[in-house]
1. Pick from the range 7-29 the residues that are of a type in the set (A, V, I, L, M) and either at pLDDT below 95 or surrounded by 14 or more Cβ atoms within 10 Å (Cβ to Cβ) (or both): which of them is farthest from the chain's Cα centre (by Cα)?
2. What are the pairs, 6+ residues apart or on separate chains, where a residue within the range 1-30 that is within 19 Å of SER258 (Cα to Cα) has its Cβ under 6 Å from a residue that is among the hydroxyl-bearing types (Ser, Thr, Tyr) and part of a loop (DSSP other than H, G, I, E, B)?
3. Out of all the residues in the range 48-66, is one or more surrounded by fewer than 21 Cβ atoms within 10 Å (Cβ to Cβ), among the aliphatic types (A, V, I, L, M), assigned by TED's automatic domain parsing to the domain that holds PHE221 and closer than 28 Å to TYR214 by Cβ?
4. Which numbered condition trips up ILE99, out of (1) among the aliphatic types (A, V, I, L, M); (2) in the same structural domain as ARG152 (by TED's automatic domain parsing); (3) touching a helix residue (DSSP H, G or I) at 6+ places or on another chain (Cβ under 6 Å); (4) buried (at least 17 other Cβ atoms within 10 Å of the Cβ)?
5. Failed condition for PRO260, given (1) surrounded by 19 or more Cβ atoms within 10 Å (Cβ to Cβ); (2) more than 26 Å from CYS23 (Cα to Cα), with all others met?
6. Test ARG181 against the criterion of being surrounded by fewer than 18 Cβ atoms within 10 Å (Cβ to Cβ) and of a type outside the set (A, V, I, L, M, F, W, C), and give yes or no.
7. Can you tell me how many residues within the range 5-51 are aromatic (Phe, Trp, Tyr) and more than 30 Å from GLU75 (Cα to Cα)?
8. Evaluate the range 119-135: report whether one residue or more is of a type in the set (Asp, Glu) and closer than 24 Å to ARG210 by Cα.
Amino acid sequence: MLCDVCSAREAVVYQRHSGRALCFKCFREDLLRRVSAEVRYYRLFTPNDRILIAVSGGKDSFVLLDLIKDIHRSELIGIAIIDEGIEGYDRLSQAKWAIDMAEKFGMEVYITSFKDSIGFTLTELIEMAEKRGIRITPCTLCGIIKRRILNRLARHEHFDRVITAHNLNDEVQTIVMDILRLDLARLVQLHPLSPLLSSNFVRRVKPLRRIFEYEVTQYAFLSGFKFQEEDCPYIKALPSLRARIRSRMFEMEGIKPSYPLNIIEWHDRVVKKILSRWDLKMPELPLCPLCGEPMSYGRKYCALCELLMKLGVSAPQAGHKAKV
Ligand code: FES
Ligand code: ZN
């Protein structure tokens, strides 16, 4: 079967939301066009911005890096690899391909770890939580710490943006979760035009937010990406609400492939209206007296310091070390 776009090469992907069969070249061009359009439309970053790409080593970060390197100057790109310190799981070898790719294209490489940044590995923190009977899923804890490390690293190294590899399905799961929790503030914060609440935050953007998860998987597969043999062992502990929404959304996508796209477009429209009608000039977020990082209004300490104190860490580390 020939590609529906060029009619010259053999089709290798069926793009179910558009109903087209595409060859690899036309598929890649389609992804590049959609990612560039999203970047330009929301000014996710501009041509002179220094951008720091968070790389986990998985297929999503591969696709992100492989596409971004074609739409942005390599010397303005840095990649950040954060070793969580998960027993039996070697983050650095999972992300080895990214280091090679960065070196090949002249991008900067930053490698850091939970241990260097806050003094403990994720496994140690989980054990401490278990001992104290504190209920927190590893993924939630991991997410809070990673966001903190990335933001500090980007700020210290003068990056203009932090780029993450969240795809359309990830974003839609978050939207549905926020709706179920009736959390309007988070729904607004998820929007690419949401106000930045602190000058200490480096804006985080997601250029793959309109690329379906199945497209990411297909692209990685067709590019010869070596899928990791092992997943993070905590993956089973994903917050159950997200896991349930994820599988329900896949079912819905099977019935009507454009559902996820419709949901994100609805979210974009509604929040844009809210942002244009409401006066959302919020005061700058206060700083945590322990670590000096921004924290939500009305708190005594930031969520991370509070958590670490509960775990028995009395003086949370403020610094980060990154190896370049
Ligand atoms: Fe963070 Fe698995 S990578 S919990
Ligand atoms: Zn703090």
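The values are calculated or read from the model by the stated rules, or taken from the named source; none is laboratory data. Predicted model only: the values in this text are computed from it and were never measured. Neighbour counts run over all protein chains shown; Cβ positions are idealised from the backbone, glycine included.
1. ALA11
2. Short answer, once both residue conditions are applied: HIS17/SER258.
3. no
4. (3)
5. Among (1) surrounded by 19 or more Cβ atoms within 10 Å (Cβ to Cβ); (2) more than 26 Å from CYS23 (Cα to Cα), the lone unmet condition for PRO260 is (2).
6. yes
7. Number of matching residues: 1.
8. Taking every residue of the range 119-135 in turn, none turns out to be of a type in the set (Asp, Glu) and closer than 24 Å to ARG210 by Cα.
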